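Before any comments, here is the structure.
The values are calculated or read from the model by the stated rules, or taken from the named source; none is laboratory data. As the structure is a computational prediction, the values presented were derived from the model and not from experiment. For neighbour counting, all protein chains shown are included, and Cβ atoms are generated from backbone atoms with ideal geometry for every residue, glycine included. The accessibility values were calculated without ligands, DNA or RNA, using every heavy atom of the protein model including side chains. Shrake-Rupley method; radii C 1.70, N 1.55, O 1.52, S 1.80 Å.
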Amino acid sequence: MIWWFKARQAHTHLPLAVFALLSLVMAVQDLHIVLPSFSLTGESKLPLMLFVPIPLLAGLTVCLESRLPAAELTGTRRIPVLDLALSVGTVAVAQATGSAVGHWYGTVHPEQLGRNTVFLLGLMLCGRALWGRPAAMLPVLWATAVTMVGFRSPQDPYPWTVIPEASGTWYATTGAALMFLAGLAAQFLTARRVS
């Protein structure tokens with residue numbers, strides 16, 4: 001397991017990604033930005049927290065793509081299970097970070113960090129099974145699509161957007177969970193052929 005951890009470079013990349021996540025969560029909290037949109041009003045007021053999971057997911061992607069394909073194909077260790085544990089552990093860290101900062105500072109949006117990380121990671125893992133490394137850009141593309149076409153009015157997102165929804169929204173939570181499960185299944189089923 002130690003060799004897998006070092007081969008994935010998780011001991012160097014993930015601590016930096018978690019530090020970036022914690023720094024961004026503490027800096028951003030409940031800040032909103034107004035961005036151009038194709039909605040009827042021409043702009044949308046977004047919580048900046050929507051973009052916070054992206055550095056953590058980039059760090060995880062680097063770890064998952066740091067592979068030794070020949071050794072993994074011929075080895076006897078259960079590499080796909082270890083990779084699943086790495087993905088689930090990353091989500092757990094994001095959830096704990098968002099909950100702790102949200103509770104400590106009494107802000108609302110850090111509590112959505114776990115759900116948004118779950119959704120965006122599931123999206124990235126599904127894309128990675130299809131396209132490989134370029135799928136690392138899917139969370140960025142999703143956040144951009146939400147910004148541009150995801151709102152009926154400045155404070156009313158469409159249900160398909162998931163990430164700008166309030167933390168208690170059942171369909172956003174359900175959608176995030178389903179996307180995450182689909183991503184984990186795709187990661188597990190295609191682990192040996194993704195290069």
F151 long-range amide H proximity, modeled H, under 5 Å = Y158
Mean accessible surface per residue for the chain, computed with a 1.4 Å probe while every protein chain stays in place, in Å² | 49
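For the pair L189 and Y105, what calculated FRET efficiency results from E = 1/(1 + (r/R0)^6), where r is the Cβ-Cβ distance and R0 = 41 Å, to the nearest 0.05? Walk me through the numbers on the way to the answer.
On the way: r = 40 Å, r/R0 = 0.98.
Step by step, r from the Cβ atoms, then E = 0.55.
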Once you wrap a convex hull around the alpha carbon atoms of region 100-195, what is its projected area averaged over all directions, in nm²?
-> 6.9
What is the P(r) of the chain, as percent of Cα-Cα pairs per 5 Å bin from 0?
-> 1, 8, 16, 20, 19, 15, 10, 6, 3, 1, 0, 0
Using a 1.4 Å probe over the heavy atoms of the protein chains, calculate the carbon and sulfur portion of the accessible area of region 122-163 as a whole percent.
-> 72
Step through the residues of region 106-123 one at a time and calculate ³J(HN,Hα) from phi using the Karplus curve (6.51 cos²θ - 1.76 cosθ + 1.60, θ = phi - 60°), rounding each to whole Hz and writing x for Gly and Pro.
-> x, 9, 8, 5, x, 5, 7, 4, x, 4, 5, 5, 4, 5, 5, 5, x, 4
Per-residue accessible area for R152 at 1.4 Å probe radius, Å² rounded to 10?
-> 100
Which far-off residues, 5 or more places away or on another chain, put their amide H under 5 Å from the one on H32, with H placed in the peptide plane?
-> L48
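Label region 142-191 by shape, choosing from rounded, prolate and oblate, from the square roots a ≥ b ≥ c of the eigenvalues of the Cα gyration tensor; if a/c is under 1.5 it is rounded, and otherwise prolate applies when a/b is larger than b/c, oblate when it is not. Walk me through the intermediate numbers first.
Values: a/c = 4.15, a/b = 1.91, b/c = 2.18.
It comes out oblate by the Cα gyration axes.
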Place +1 on the Cβ of every Lys and Arg and -1 on the Cβ of every Asp and Glu in the chain, take the dipole about the Cα centre, and give the residue among W170, L46, P154 whose Cα lies farthest towards its positive end.
-> W170
